[in-house]
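See structure below.
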Amino acid sequence: MATQVQDYAIDIDTDALKVESHFPGISYDDFDRGGGISPWKICRMFEAGRSIPFFQGNFLDFNQLVSRNFGFFVLGGDYYFDSCLWEVTRKYHFFPYKIRLELINVGQTSLTIRQVLVNKLDSKEIATFYGKLVYVDKLARRPTALPYWHREKFGHLKKEMDGQAKIMVDSKKVVPEGAFQVETLVAASDTDHNGHTNQGSYVRFCLDAAETANKAGVLECVQGDICFYPILKMTVSYKGETYHGDRLITSVWPDDLSPPVLHFAIKRQGKLVLTASITFKPRPKSKL
């Protein structure tokens with residue numbers, strides 16, 4: 001999460017367990033080389049949509065849960081993107097937005113949340129994140145049970161979970177023989193205040209590896225720069241932690257049955273630390 005939480009406007013509905021965080025817009029360096037909002041920036045936007053209500057608004061009594069020895073980490077989740085997301089900044093020069101955060105489920109050691117990115121100019125929901133936050137004992141470096149008082153207070157307020165909210169965190173992903181590989185050195189600017197590689201940085205590593213594979217001619221489904229292919233869905237699962245100075249190997253390969261889907265696995269010293277799958281919108285085929 002971010003090191004500093006700015007004083008953004010938030011609206012908390014304690015009865016419905018919902019909160020909205022309001023943001024004035026995005027900046028020049030939030031765009032990728034194709035002119036759209038970079039996917040890793042969208043991950044950071046959702047991250048801010050969690051940090052602001054948790055730290056500033058104490059949503060879900062968050063500040064009573066986190067301490068030097070205990071905290072939350074994102075275990076994984078699914079991002080869904082409306083096609084118009086990639087065009088919104090071309091249509092609107094000024095792009096204020098809000099992120100709605102909602103508690104979906106309380107488990108023994110985790111919280112399941114839904115976040116929605118809303119364009120405030122037309123109230124259109126343009127991206128959604130379903131995520132699982134796991135409560136961790138930082139000293140033992142493993143998940144631990146949420147305090148009993150917290151589960152009693154919020155556990156009975158579970159909402160009906162739709163199919164998208166049932167997050168399936170991969171236990172493993174087998175990297176096929178011959179998968180294209182790219183080495184990445186984690187820079188200090190890739191890490192957060194915990195010293196861990198940030199979620200948005202991992203997404204950038206994956207997409208950079210995909211474009212490197214594309215330039216090498218191993219992605220037959222891609223013509224031109226991959227950043228011009230809108231992303232429809234992205235699934236990310238975190239298996240471990242990496243730090244400044246770590247050398248990571250990112251493997252990328254297309255799905256056997258659906259070429260617009262690319263799979264990723266990131267390893268450090270041979271140990272799996274992240275798996276991801278990204279579904280791109282295919283370019284329309286010419287009828288000529």
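Every number here is computed from the coordinates shown, using simple stated rules; none is lab data. Keep in mind it's a predicted model, so treat the numbers as computed, not measured. We place every Cβ from the backbone using ideal geometry, glycine too, and count neighbours over all the protein chains shown.
List of remarks:
- Linear extension gain, Lys233 paired with Asp255, 0.36 nm per residue minus alpha-carbon span: 6.5 nm
- A cut-off of 5 Å between modelled amide H atoms, ignoring neighbours fewer than 5 places along the same chain, links Lys18 with Asp13.
- Projecting label points 7 angstrom from Cα along Cα→Cβ for Ser83 and Phe70 puts them 4.7 nm apart.
- Amide hydrogen proximity for Lys233: with H placed 1.01 Å from N in the peptide plane, the residues at 5 or more positions away or on another chain lying under 5 Å are Phe81, Thr279.
- Ascending count of other beta-carbon atoms within 10 Å, so fewest first, for Tyr135, Tyr8: Tyr8, Tyr135
- Each of Ala140 and Asn63 was given a label point 7 Å from its Cα along the Cα-to-Cβ line. The distance between the two points is 2.7 nm.
- Listing Cys227, Cys43, Cys84 from fewest to most neighbouring C-beta atoms within 10 Å gives Cys84, Cys227, Cys43.
- Hz values of 3J(HN,Hα) by residue in region 260-273 - Karplus curve (6.51, -1.76, 1.60), Gly and Pro given as x: x, 9, 10, 10, 9, 9, 10, 10, 10, 6, x, 9, 5, 10
- Ranked Val261, Val74, Val174, criterion: other C-beta atoms within 10 Å, fewest first: Val174, Val261, Val74
- Rel. contact order, % - alpha carbon contacts under 8 angstrom, at least six apart, the chain: 17 percent
- Of Lys153/Lys281; Lys41/Lys153; Lys233/Lys271, those spanning more than 32 Å from alpha-carbon to alpha-carbon: Lys153/Lys281; Lys41/Lys153
- Based on C-alpha pairs under 8 angstrom that are at least 6 apart in sequence, region 1-129 has a relative contact order of 27 percent.
- Of all DSSP beta bridges confined to the chain, the antiparallel ones make up roughly 100%.
- Where GluC sites (Glu not before Pro) in DSSP loops with at most 10 other Cβ within 10 Å are excluded, longest remaining stretch of the chain: 1-159
- Spacing of the two label points (7 Å from each Cα toward its C-beta) at Leu121 and His93, in nm: 1.0 nm
- Largest GNM mean-square fluctuation across Leu75, Leu121, Leu248, computed for the chain with C-alpha springs under 10 Å, falls on Leu121.
- DSSP loop trypsin sites (Lys or Arg not before Pro) with at most 12 other Cβ within 10 Å: longest gap in the chain: 173-284
- For region 85-102, 3J(HN,Hα) computed residue by residue from phi via the Karplus equation (6.51, -1.76, 1.60; θ = phi - 60°) reads 4, 6, 10, 4, 7, 7, 7, 10, 6, 10, 10, x, 8, 9, 10, 8, 10, 9 Hz, glycine and proline entered as x.
- Taking θ as phi - 60° and the Karplus parameters 6.51, -1.76 and 1.60, the scalar couplings of region 115-127 work out to 10, 10, 8, 10, 6, 6, 6, 10, 6, 7, 7, 10, 7 Hz in sequence order, x denoting glycine and proline.
- At an R0 of 45 angstrom, the distance between the Cβ atoms of Gln223 and His193 translates into a FRET efficiency of 0.65.
- Region 170-288: equivalent-ellipsoid semi-axes (sqrt of 5 x gyration tensor eigenvalues, Cα, Å): 26, 15, 13
- Plainly put, the chain has a radius of gyration that is 0.96 times its Kirkwood radius, both from alpha-carbon atoms, as the Rg/Rh ratio.
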